[in-house]
Amino acid sequence: MGLFKKKHHYIGLHINNHAIKALQFDVSKSRTKLRGFTNVVMPKGMIVSDEFADVAALADFISRSFKKPQHGSFSTNRVVVAIPESKSFVRIIPLQKMKESEIANAILFEAESYIPLPMDQVYFDWQVLRETDGGLEILVIASPKAYVDKYISVLESSGLKIAGIETESQSVARALVPPSVLEPILIADMDAYKTALVMVQGGTLQFTSSVPLAGNNFTERLAKTLSISQAEAEKIKRNVGFANTVEYPNLKIQMLPALEDLAAEIKNILRFHYDHHQDHIGSLVLTGGGAKLQHIAEALETMMDQYAPIKVTVANPLEHIPNYRDEALGPYEALSYTTAIGLAMWELT
């Protein structure tokens, strides 16, 4: 799973249970524009709980989705793809000080205490995070070989070439947190069905977790309490959100329980961090389609008082793209493409 970079163009490809998102940059010395991007709803039954249920149909669907992107066109079939958090293990493993050439063998012996699969059944990569008085802290990222091999087979059957594989959390971190940012940042990547909580410091993953709370929790609550369709609830959520209006005077109260559940999970991560580290987390960044809920940052920040000062903001996934100049995709819509943007940024780093 080692990362590598070549002088090629890449498409960032993010596939999950409910969508295919692909994005490619057009890069020159003076500006970065979008060559093409697409966001296609995944037909039911092709991927179930991050498992490929219908391989042939999925490969055909991916192939057709690439032929007619929603914007522009793709100039390559090389893709950098993301492994879902449910199929990856991110762990920090302590080791005694040793030569770099000895670390890989040491990880083979130590990692099975941290990763719930035998090491001969996973692909893994590692990085030295820091030296401590007692030794080394090693970041280990692993994913089951059976899953990765099947994923590769699906993509090759669709006519794509694999340029690289990494976890969703690595892609999101690349898009949102430059390596120059040394203080710890907590990212909440909210899609329709889950929220990935990702801790990044100095451009390196420190911790990841996933909770089954995200955008649909708010949509379903609104649809039920207002007796409206989920499509209508989605529009209200994005246009009004946590703002009481004359038309929707109790909207904030109706969505508050779902936000409190999410806040409790975030507080668990903060508590875990402060039990093991002294570095203050001053920033919580929200991204993903679930972060399109209006005024969610302000509402969530009021629930973080015990960990103040902590600033909650909604990300701009385009902010760290060098010389980005393109009106085809703005910061708000780009929230849904954060992982694909991070994958496509291979070409820029």
Probe 1.4 Å, all chains present, heavy atoms only: TYR193 accessible area in Å², nearest 10, is 130
Eligible aspartates and glutamates near LYS33 by straight Cα distance, threshold 19 Å, same-chain separation 8 or greater: GLU319, ASP326, GLU327, GLU333, GLU347
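Computed over the Cα atoms, what is the radius of gyration of segment 307-349 divided by 2.2 N^0.38 Å, N being its residue count?
Ratio of Rg to 2.2 N^0.38 Å for segment 307-349: 1.35.
Over the chain, with every protein chain in place, what whole percent of the accessible area is carbon and sulfur at 1.4 Å, could you tell me? Before the final figure, lay out each step's value.
Numbers: 8060 of 16250 Å².
The value for the chain is 50 percent carbon and sulfur by accessible area.
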Where GluC sites (Glu not before Pro) fall in DSSP loop in segment 159-259, at most 14 other Cβ within 10 Å: GLU247
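List the trypsin sites (Lys or Arg not before Pro) in segment 268-345 that DSSP assigns to loop (not H, G, I, E or B) and whose Cβ has at most 12 other Cβ atoms within 10 Å. Which are they? Don't skip to the answer; put the middle values down first.
On the way: sites: ARG271, LYS292, LYS311, ARG325; in loops: ARG325.
Answer by residue number: ARG325.
What pairs from LYS161/LYS194; LYS21/LYS194; LYS21/LYS311; LYS67/LYS161; LYS68/LYS150 go past 21 Å between their alpha carbons? Can you show the working numbers first?
Details: LYS161/LYS194 29 Å; LYS21/LYS194 17 Å; LYS21/LYS311 29 Å; LYS67/LYS161 15 Å; LYS68/LYS150 25 Å.
Where the Cα-Cα span goes over 21 Å, the pairs concerned are LYS161/LYS194; LYS21/LYS311; LYS68/LYS150.
Can you sort ILE138, ILE253 by solvent-accessible area, 1.4 Å probe, largest first? Don't skip to the end; give the middle numbers.
On the way: ILE138 0, ILE253 110 Å².
My answer, sorted largest first, is ILE253, ILE138.
Normalised radius of gyration for segment 208-349, please: alpha carbon Rg relative to 2.2 N^0.38 Å, two decimal places. Could you put the intermediate results ahead of the total?
Values: Rg = 16.7 Å, N = 142, 2.2 N^0.38 = 14.5 Å.
My calculation over the Cα atoms of segment 208-349 gives 1.15.
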Could you put MET303, MET190, MET98 in order of accessible surface area, largest first, with the 1.4 Å probe and the full protein assembly present? MET98, MET303, MET190
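Can you list which of the DSSP-assigned H helices in the chain have a Cα extent of 27 Å or more along the long axis and an average Kyte-Doolittle score of at least -1.0? All intermediate terms of the calculation are to be shown ahead of the outcome.
Numbers: long enough: 251-276 (38 Å, 0.00).
Long hydrophobic helices here: 251-276.
From the protein chains alone at 1.4 Å, what is the descending order of accessible area for HIS14, HIS9, largest first?
Details: HIS14 20, HIS9 95 Å².
My answer, sorted largest first, is HIS9, HIS14.
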Please express the Cα-Cα pair-distance distribution P(r) of the chain as a list of whole percents, one per 10 Å bin, running from 0 to the bin with the greatest distance. 5, 24, 32, 26, 11, 2, 0
How much solvent-accessible surface does SER153 expose, in Å² to the nearest 10, with a 1.4 Å probe and all protein chains in place? 60
Compute a Gaussian network model of the chain, connecting alpha carbons closer than 10 Å, and tell me which residue from LYS21, LYS33, LYS97 fluctuates the most. LYS97
Residue-normalised accessible area of segment 1-145, given per residue in Å² at a 1.4 Å probe: 52
222 nm [θ] for the chain, helices only, -39500 (n - 2.57) per DSSP H run of 4+, per residue, to 500? -9500 deg cm²/dmol
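The values are calculated or read from the model by the stated rules, or taken from the named source; none is laboratory data. All of these numbers come straight from a predicted model, not from anything done at the bench. Note that we place each Cβ from the backbone using ideal geometry, even for glycine, and neighbour counts take in every protein chain shown. Please note that ligands, DNA and RNA were not included when accessible areas were found on the heavy atoms of the full protein model with its side chains. Shrake-Rupley method; radii C 1.70, N 1.55, O 1.52, S 1.80 Å.
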